[in-house]
Amino acid sequence: MLVRELYSGAYELDSGDRKMLATRNMMPGMSVYGERLIIEEDIEYRLWDPGRSKLGSMLLKKFDIPIEQDSTVLYLGAASGTTVSHVSDMLMDGLVYALEFSPRTMRDLVQLCEIRPNIIPIFADANKPHSYAHIVEKADVIFQDIAQPNQAEIAAINSKYFLGEEGYLMLSIKSRSIDTIANPRKVFREELAKLQNDFSIEFEVLDRKELAPFHEDHLGVLAKRFMG
Amino acid sequence: MLQKQITPAQIYGGSDIKEKEFNTWFGTLLLDDEGRIDDCILFDNDPEMLAAVVVKLQKEMLPVPLRRPDIREAAIECGFVKLDEEYDILLRDVCIRAVKNQISRADADDSRIIQAVEALDDIDRNVNELGERLFEWYGRYFPELDMTGEELARFVSTYGSRTNVPSDHHLFEKASRSMGPELSFTDEEIIRAFANNICSLYDTRRYIENYINNSMGSVAPNLCNVAGASLGARLMSMAGSLEKLASFPSSTVQVIGANRALFKHLRTKAPSPKHGIIFNHPFIKNAPWWQRGKIARTLASRISLASRTDFYSGEPDTSIILCLEKKLEIIRKANPVPPKREPQKKSPVRGKSRKGKQGSRGKMKGGKN
Ligand SMILES: C[S@@+](CC[C@H](N)C(=O)[O-])C[C@H]1O[C@@H](n2cnc3c(N)ncnc32)[C@H](O)[C@@H]1O
């Protein structure tokens, strides 16, 4: 099997007839959500299904992922930690703050945090950054996967509170949680305009791509904090 | 836990200093105008205590100064920790403890209330059955006694045989002239023990009710405020959990408890039922019939909002009930008198909805049993 590093910490495993996305398993022998483990030249990889992860699909869509080995990441909408576990793998020397507000899913997430040393769980509502500003430090990357009608606003206020001057925002916009019937393209355009104009923080949108076929009606956005 | 903490007002005697206070998980930072650290009051390096601080600060949601230092750098600058690794390890430990504490409160609590509500229903079923038995049994010996339920159980438990009813009791006359046969000593003891058990079930029932009333205020303060403790608890129990109740649209909340009618509606496209258990709420019960539908919709939407607020923030928010009262006032003012037209002569659409109402009222009885 051929192993190629796509980004820092994310790999493509090529078995000849199939290419698979994976991260290097920080906790060898442990599968987090039932994903397959593959050992290649003494290194264990965890397969990463892009259909189950917005970030995974953004990697395959060739976004220029700004997550480095030593980044500090604020992850909004961590759910039970499927994607967070891969971010954790990528951060050999960094830290991810994983925020989630549903108690049920938080229960699973805490279990993951207890196993992995670089995930910090926060049980809070992403609409209220001042309720966790006493915990979260300045972040290099904010990743947001929250299916809420005010996604753009949530991203903006969290960036204002926590995004460093050189920081990046990665956002997955789900059109149907904003407007169930409108044309997704139109919703995406409006959300991007909102993000760029409506809040007292400015972003420069570096890249945007729809996440189909991995996720229908989702737009991936990569933006950088704009310092005028 | 925070007695050690000195407020800046105590130090500087100023109040404008307030926004320059930055409360972090490891201590309070006092900032100058540029957001640099003037002074810091650090907590002890005790994970359990720090976790309590995290939970408390998260609830309080104090304003955060716009210009403030990065908290990791501040922790090192103030000497709370020496190294980045030390910061990581401690913060992770503290946050895991805090979250565990928060979630165990968030959803273990609604389940204990739901258990209590279901225990009430079990007691009701049993007490009815046992009460009927007592009525029949004791009735053989004192057929003139006109009592049922708790009153009967208490009577039998107190006096046993009717010959024990004292002469100053208002039933003395009836008891002494009863045409029922005398109770033998053995029979009296058995019947009395049986009645005692029924009485103690009634006591337990009251005990559980109190428990629900008391705990609803902390588990779901807003729901309790809007729906009342027992209706709120019942809604939670029928929905399955506070989380589920919070996830229902208010149109569903309105019909919770009207199950049979609801299933019929889903199966046969019969008109949707309008009478869920929220119709037991005094706002609806005490309202004239022509306002009830409107009040039910408003109440359901407030209950829905209240349960969401309880589930996601847990903070009491009095604006929910205030807004409900205002809306009810508007409904009352806008509909002071019953609509004039005869029900039969209504337009077809209206007639249909009326039929639905009746149908569901019939079903309600079934649903309640
Ligand atoms: C689409 S899922 C995220 C899936 C996850 N990113 C993954 O790939 O494994 C969205 C999550 O955001 C959470 N969420 C929604 N609104 C939120 C809010 N206001 N604050 C915090 N979390 C929220 C939901 O509970 C849900 O778990």
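The values are calculated or read from the model by the stated rules, or taken from the named source; none is laboratory data. Please read these numbers as outputs of a predicted model, since none were measured by experiment. Reconstructed Cβ throughout: ideal geometry from the backbone, glycine too, with neighbour counts over all protein chains shown. Each accessible area value is taken on the protein alone, full model and side chains, heavy atoms only, with ligands, DNA and RNA left out. Shrake-Rupley method; radii C 1.70, N 1.55, O 1.52, S 1.80 Å.
Please specify each residue of the range B:62-87 satisfying the condition of being open to solvent by 70 Å² or more (accessible area, probe 1.4 Å) and assigned to a loop (DSSP other than H, G, I, E, B). Across the range B:62-87, the qualifying residues are B:PRO63, B:LEU66, B:ARG67, B:LYS82, B:LEU83. Per the conditions (1) within 14 Å of the ligand (Cβ to nearest atom); (2) in contact with a strand residue (DSSP E or B) (Cβ under 9 Å, 6 or more places away or on another chain); (3) outside any loop (DSSP other than H, G, I, E, B), the sole criterion not satisfied by A:GLU44 is (1). A count restricted to the range A:101-118 and to residues that are more than 7 Å from chain B (Cβ to nearest Cβ), modelled with pLDDT of 90 or more and assigned to a helix (DSSP H, G or I) stands at 4. When the range A:47-61 is filtered for residues that are within 12 Å of the ligand (Cβ to nearest atom) and of a type outside the set (Phe, Trp, Tyr), the ones remaining, listed by number, are A:ASP49, A:PRO50, A:GLY51, A:ARG52, A:SER53, A:LYS54, A:LEU55, A:GLY56, A:SER57, A:MET58. Residues in the range A:143-152 that are open to solvent by less than 20 Å² (accessible area, probe 1.4 Å) and not in a helix (DSSP H, G or I): A:PHE143, A:GLN144.
Picking from residues in the range A:103-156 that are touching a residue at least 12 places away in the same chain (Cβ under 8 Å) and polar (S, T, N, Q), the one that is farthest from the ligand (Cβ to nearest atom) is A:ASN118. Residues that are more than 24 Å from A:GLY34 (Cα to Cα) and either touching a strand residue (DSSP E or B) at 6+ places or on another chain (Cβ under 6 Å) or within 15 Å of the ligand (Cβ to nearest atom) (or both) within the range A:62-78 comprise A:PHE63, A:ILE65, A:PRO66, A:ILE67, A:SER71, A:THR72, A:VAL73, A:LEU74, listed in sequence order. Of all the residues in the range A:119-131, those that are assigned to a loop (DSSP other than H, G, I, E, B) and within 8 Å of chain B (Cβ to nearest Cβ) number 3. When we screen B:ALA116, B:ALA108 for residues that are at pLDDT below 95 and either basic (Lys, Arg) or open to solvent by 20 Å² or more (accessible area, probe 1.4 Å) (or both), the only hit is B:ALA108. Does the range A:58-65 contain any residue that is closer than 30 Å to B:SER247 by Cβ and in contact (Cβ under 8 Å) with a residue 12 or more places away in the chain? Among the residues of the range A:58-65, at least one is closer than 30 Å to B:SER247 by Cβ and in contact (Cβ under 8 Å) with a residue 12 or more places away in the chain, which makes the answer yes. State yes or no: is B:GLU60 within 9 Å of chain A (Cβ to nearest Cβ) and charged (D, E, K, R)? In short, yes.
Quick grid of which residues meet (1) within 21 Å of B:PRO221 (Cα to Cα); (2) not assigned by TED's automatic domain parsing to the domain that holds B:ARG206:
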| residue | (1), (2) |
| --- | --- |
| B:LYS56 | yes, yes |
| B:ARG72 | no, yes |
| B:GLY79 | no, yes |
| B:ARG92 | no, yes |
| B:ASN101 | yes, yes |
| B:GLY149 | no, no |
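Scan the range A:9-21 and tell me whether some residue there is within 12 Å of the ligand (Cβ to nearest atom), surrounded by fewer than 21 Cβ atoms within 10 Å (Cβ to Cβ) and away from chain B (no Cβ under 14 Å). No, because not a single residue in the range A:9-21 is within 12 Å of the ligand (Cβ to nearest atom), surrounded by fewer than 21 Cβ atoms within 10 Å (Cβ to Cβ) and away from chain B (no Cβ under 14 Å). Restricting the range A:164-185 to residues that are over 15 Å from A:GLU216 (Cβ atoms) and within 14 Å of chain B (Cβ to nearest Cβ) leaves a set whose member that is nearest to the ligand (Cβ to nearest atom) is A:GLY167.
Given the structure, is A:ARG189 in a helix (DSSP H, G or I), within 16 Å of the ligand (Cβ to nearest atom) and either within 14 Å of chain B (Cβ to nearest Cβ) or open to solvent by 10 Å² or more (accessible area, probe 1.4 Å) (or both)? No.
Within the range A:87-97, one or more residues are more than 9 Å from the ligand (Cβ to nearest atom) and either touching a His at 6+ places or on another chain (Cβ under 9 Å) or open to solvent by 20 Å² or more (accessible area, probe 1.4 Å) (or both). From the residues in the range B:30-49 that are open to solvent by 30 Å² or more (accessible area, probe 1.4 Å) and assigned to a loop (DSSP other than H, G, I, E, B), which one is farthest from B:LYS20 (Cα to Cα)? The qualifying residue farthest from B:LYS20 (Cα to Cα) is B:ASP46.
Among all residues of the range B:242-254, there is none that is without any contact (Cβ under 8 Å) to a residue 12 or more places away in the chain, surrounded by fewer than 19 Cβ atoms within 10 Å (Cβ to Cβ), within 17 Å of B:VAL127 (Cβ to Cβ) and not charged (D, E, K, R).
Looking across A:ASP140, A:ASP125, A:ASP108, one residue alone is more than 24 Å from B:SER241 (Cβ to Cβ), charged (D, E, K, R) and either open to solvent by 10 Å² or more (accessible area, probe 1.4 Å) or touching a Leu at 6+ places or on another chain (Cβ under 6 Å) (or both). It is A:ASP140. A:PRO66 - would you say it is under 20 Å from A:LEU2 (Cα atoms) and either touching a helix residue (DSSP H, G or I) at 6+ places or on another chain (Cβ under 9 Å) or not aliphatic (A, V, I, L, M) (or both)? For A:PRO66, the condition - under 20 Å from A:LEU2 (Cα atoms) and either touching a helix residue (DSSP H, G or I) at 6+ places or on another chain (Cβ under 9 Å) or not aliphatic (A, V, I, L, M) (or both) - is not met. Residue check: is B:LEU91 in a helix (DSSP H, G or I) and at the interface with chain A (Cβ under 7 Å from one of its Cβ atoms)? It is true that B:LEU91 is in a helix (DSSP H, G or I) and at the interface with chain A (Cβ under 7 Å from one of its Cβ atoms). Just wondering, is there one or more residues in the range A:187-198 that are at pLDDT below 90 and under 25 Å from B:ILE103 (Cα atoms)? Within the range A:187-198 (the criterion being at pLDDT below 90 and under 25 Å from B:ILE103 (Cα atoms)), the answer is no, since none of the residues qualifies.
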